[in-house]
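Notes follow the structure.
The values are calculated or read from the model by the stated rules, or taken from the named source; none is laboratory data. Bear in mind that the values here come from a model prediction, so they are computed numbers and not experimental data. In this analysis, Cβ positions are derived from the backbone assuming ideal geometry, glycine residues included, and neighbour counts consider all displayed protein chains. Just so you know, the surface numbers come from the protein's heavy atoms only, side chains and all, with ligands and any DNA or RNA stripped out. Shrake-Rupley method; radii C 1.70, N 1.55, O 1.52, S 1.80 Å.
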Amino acid sequence: MLFLFKKPEVVLDCFTSVSDVYRFAKPDNAIKFIPEWWKKTPSSYVADGDFHKSPTVKKCDGLISYYKNGVVIPAWSDLAIEIGPKGTPYYRWQYSDKQSTAVSHSFKQLDNCIDETSVTHLKLTSPWHFVCKDEILWVWSDPKWNRLEKNDYVVLPGTTSFKYQHTTNINILMYRSETKKIININFGDPLYHITPITEKNLKLNYHLVSHEEFLRTQGNNIKFTGSFNLVKKLMKGKTK
């Protein structure tokens, strides 16, 4: 007799209170954001002076595995960011939806190891909250394969647990040039690639909720240094 056992799942509940974001800009499995240039790339090529074929990036296990795992948060609105030339702290930004928000953190949080007159920080306030009951880490990475020709900004990496922390804000650094420039992030562009450290299959659930309910899904509202670790400790205590 053949026994088929279903592979266990890790469930990620995705909450938003913005109906258009829910309809048109859902986070989704990363494989759905694999770059178009990769799809068009042949699987092999013949190098100069060779007679045999060599594999291209189309056969790269690292890239394929990267997109087979995790979830991507796409841009939910067009965003234009204007930054001044090197030597100035000037910047301004505007979303096309005229509703989304962003904030900039002081480089004092980094002990001024970088200069705001050469680099600018912006944290995009995500309209999504993620909740996962499993106590696993999720790795945040920059989906750089989707914008190989663009070097104006980087998305900062990190890890988190969506059991204790539920916001999904996007931290980016933008590099100043010799002249003023505008950086455009287009609707649908991959912003964050978030990969769970688990062997389980990933299942996504989506929830459109009221603004009040959305704020409740934010989770940690205690605001002081080390608050994440305290909330984690308190939540673990409740389960004992």
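Counting just the residues of the stretch 134-154 that are at pLDDT below 95 and part of a strand (DSSP E or B), which one comes out farthest from Ile185 (Cα to Cα)?
It comes out as Val154.
What pairs come out if I take residues in the stretch 30-53 that are aromatic (Phe, Trp, Tyr) and pair them with residues that are open to solvent by 80 Å² or more (accessible area, probe 1.4 Å) and at pLDDT 80 or above whose C-beta lies under 9 Å away, six or more apart or interchain?
Pairs that qualify, where the first residue is aromatic (Phe, Trp, Tyr) and the partner is open to solvent by 80 Å² or more (accessible area, probe 1.4 Å) and at pLDDT 80 or above, are Trp37/Trp145; Trp37/Leu148; Trp38/Trp145; Tyr45/Lys53; Tyr45/Pro55.
Tell me, which strands (runs of 3 or more DSSP E) lie completely within the stretch 162-215 with 1 or more residues that are among the hydroxyl-bearing types (Ser, Thr, Tyr)?
Answer list for the stretch 162-215: 170-175, 190-196, 201-208.
Please specify each residue of the stretch 20-57 satisfying the condition of being basic (Lys, Arg) and part of a helix (DSSP H, G or I).
Arg23, Lys32, Lys39, Lys40, listed by residue number.
This table checks each residue for (1) loosely packed, with under 15 Cβ neighbours inside 10 Å; (2) aliphatic (A, V, I, L, M); (3) over 26 Å from Glu213 (Cα atoms).
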residue: Tyr67; (1), (2), (3): no, no, yes
residue: Tyr95; (1), (2), (3): no, no, no
residue: Gln109; (1), (2), (3): yes, no, yes
residue: Thr120; (1), (2), (3): no, no, yes
residue: Thr125; (1), (2), (3): yes, no, no
residue: Asn146; (1), (2), (3): no, no, yes
residue: Lys150; (1), (2), (3): yes, no, yes
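Of all residues in the stretch 156-185, how many are among the aliphatic types (A, V, I, L, M) and under 17 Å from Pro27 (Cβ atoms)?
Summing the residues that are among the aliphatic types (A, V, I, L, M) and under 17 Å from Pro27 (Cβ atoms) in the stretch 156-185 gives 2.
Any chance the stretch 4-17 includes a residue that's outside any strand (DSSP E or B) and under 23 Å from Thr159 (Cβ atoms)? Give the steps one after another, and end with the answer.
First pass over the stretch 4-17, keeping only residues outside any strand (DSSP E or B): 4-8, 17.
This time we only want the ones that are under 23 Å from Thr159 (Cβ atoms), so: 8.
Checked the stretch 4-17: at least one residue is outside any strand (DSSP E or B) and under 23 Å from Thr159 (Cβ atoms).
Could you check the stretch 17-65 and list, in sequence order, the residues that are closer than 24 Å to Phe187 by Cα, open to solvent by 40 Å² or more (accessible area, probe 1.4 Å) and of a type in the set (D, E, K, R)?
Asp20, Arg23, Lys26, Lys32, Glu36, Lys39, Lys40
So, in the stretch 58-81, exactly how many residues are in a loop (DSSP other than H, G, I, E, B) and touching a residue at least 24 places away in the same chain (Cβ under 8 Å)?
The number of residues fulfilling the criteria is 6.
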